[in-house]
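Below is one structure; the comments refer to it alone.
The values are calculated or read from the model by the stated rules, or taken from the named source; none is laboratory data. All values derive from a computational prediction rather than experimental measurement. Cβ: placed from backbone, ideal geometry, glycine included. Neighbour counts: every protein chain shown. Just so you know, the surface numbers come from the protein's heavy atoms only, side chains and all, with ligands and any DNA or RNA stripped out. Shrake-Rupley method; radii C 1.70, N 1.55, O 1.52, S 1.80 Å.
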Amino acid sequence: MNSRTIENTIVREIRLANATSRVQLAKQLGIAPSTMGIQIDRLVEQGILKESVPEEWGPGRPPKLLEPNPTAGQFIGIDFDARRLHAVSVDFSQQLLKQHSRDLPSQAKAADAILQIQEVIREVRFRGRKLLGIGLAIPGTLDEEATTGLHYRFIADWTNLPLKKIIQSAFRVPVYLENNVRVMAMAERWFGQASAIPNFICIGIRSGIGAGIFLNGELYRGSGGLAGEIGTWPVCDSSLNKKSQESIPLEDIASLRAILETLNTSVDGLLESAEKCDSSVLKILEIAASAVGRVISQISLMLNPQRIIIGGPLAELEEAFMSPLCEEVQRCLNQQSGLLPEIVSTQLGELAGAKGAAALALHRWELNV
């Protein structure tokens, strides 16, 4: 390994807490202690790492512990769908600096959304810290190289957008793209409910519905980068004035957008009505939950995940949405108990995608990129 590769590996190992001292790093990477010392000294001198001594230590000389230096720079994460946009900035040690959320204009076009993205990047950029990278958690499909937004049905003109090039040209830093539900899954893997679970699925229910899939501890994107696009998964439901057995895309029944349009209400109105046990609202939520539950049962038969994590505002509705969803999965898989996954709501809140996007940029960033 050359010097720069060694330094990037050191930073990655320290960030992942695989090693926290010079001795541990030398053993972990199979590098001579003298060479390791030179590389560490340079990283500390550059302000990338910092060393500290444990406050409590027994007899003998305490080791110096290495950690990322918070002041080395900042990363920005953006997450959005057709309804709402979230942004955060984090320091080099992944601690939150600033956050901002806003609604996107109704019937926004692609150009509008891109302008909003640039505005919120400026909004959360923290003065006094060098901007090192930007992570974008985008809705819809993107190309295999993760540079272009291919299609998103809920924002007009969102077709073949070179988002990486656009944002990189505006801010002159590396930009990293990923599907927003996959980023939510990454966030669960890095600092959520799947840190110790190698096989899990995160299902995001917002304007559309998508799945982020982790298999054997690795994110699965598919051969063309299109894995997890379950929003168009056909489901049958005769309760919405449709002919019996007519096939309907899942997200036209069960997405947050579809539910709000059916009830002609806002997210706050939906949550309030559900809390008051409004019978008409509970019925629509039950229909949606059952549709998602049937799809989850089919995914479980195919992939056998240990845990499924539900993200989005509907996941907050424990009795009105999560309970009927789990009941439907259990009913469908009643004879296949070994395939019954644990189903939980995310605990990361509405900023999960933005924090995951910032972490995406932080983990992929390298010195001198």
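Numbers at a glance
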| item | result |
| --- | --- |
| Spherically averaged projected area of region 137-181 from its Cα convex hull (nm²) | 3.1 |
| Long-range HN-HN contacts of residue 143 with modeled amide H, under 5 Å | 148, 150 |
| In degrees, nearest ten, helix 110-124 long axis to first principal axis of the chain (Cα) | 40 |
| Rounded tilt (10° steps) of 180-191 against the dominant C-alpha axis of the chain | 50 |
| Spin-label model distance (nm) - residue 34 vs residue 20, 7 Å beyond Cα toward Cβ | 3.0 |
| Pairwise label distance in nanometres, residue 123 with residue 46, each label 7 Å out on the Cα-Cβ vector | 3.4 |
| Residue 67-residue 277 pseudo-label distance in nm [points 7 Å out on the Cα-to-Cβ vector] | 4.8 |
| Carbon/sulfur fraction of accessible area - the chain, other protein chains in place, 1.4 Å, % | 47 |
| Residues of region 176-276: accessible area per residue with a 1.4 Å probe, Å² | 43 |
| Global form of region 243-369, assessed from the alpha-carbon gyration tensor, a/c cut-off 1.5 | oblate |
| Residue-averaged [θ]222 nm for the chain, counting only DSSP H segments that reach four residues, each worth -39500 (n - 2.57) | -11500 deg cm²/dmol |
| Modelled FRET efficiency - R0 35 Å, residue 53 with residue 306, Cβ distances, 0.05 increments | 0.30 |
| Sequence-distant residues sharing a close amide H with residue 67 (under 5 Å, placed H) | 50 |
| Prolate/oblate/rounded call for region 293-361, Cα gyration tensor, a/c under 1.5 rounded | oblate |
| Using alpha-carbon coordinates, inclination of helix 3-15 to the longest axis of the chain, degrees | 60 |
| Estimated vicinal HN-Hα couplings, Hz - region 326-334 in sequence order (Karplus 6.51, -1.76, 1.60; Gly, Pro = x) | 5, 5, 5, 4, 5, 4, 5, 9, 4 |
| Gyration tensor verdict on the chain (Cα atoms; rounded if a/c is under 1.5, prolate if a/b is larger than b/c, oblate otherwise) | prolate |
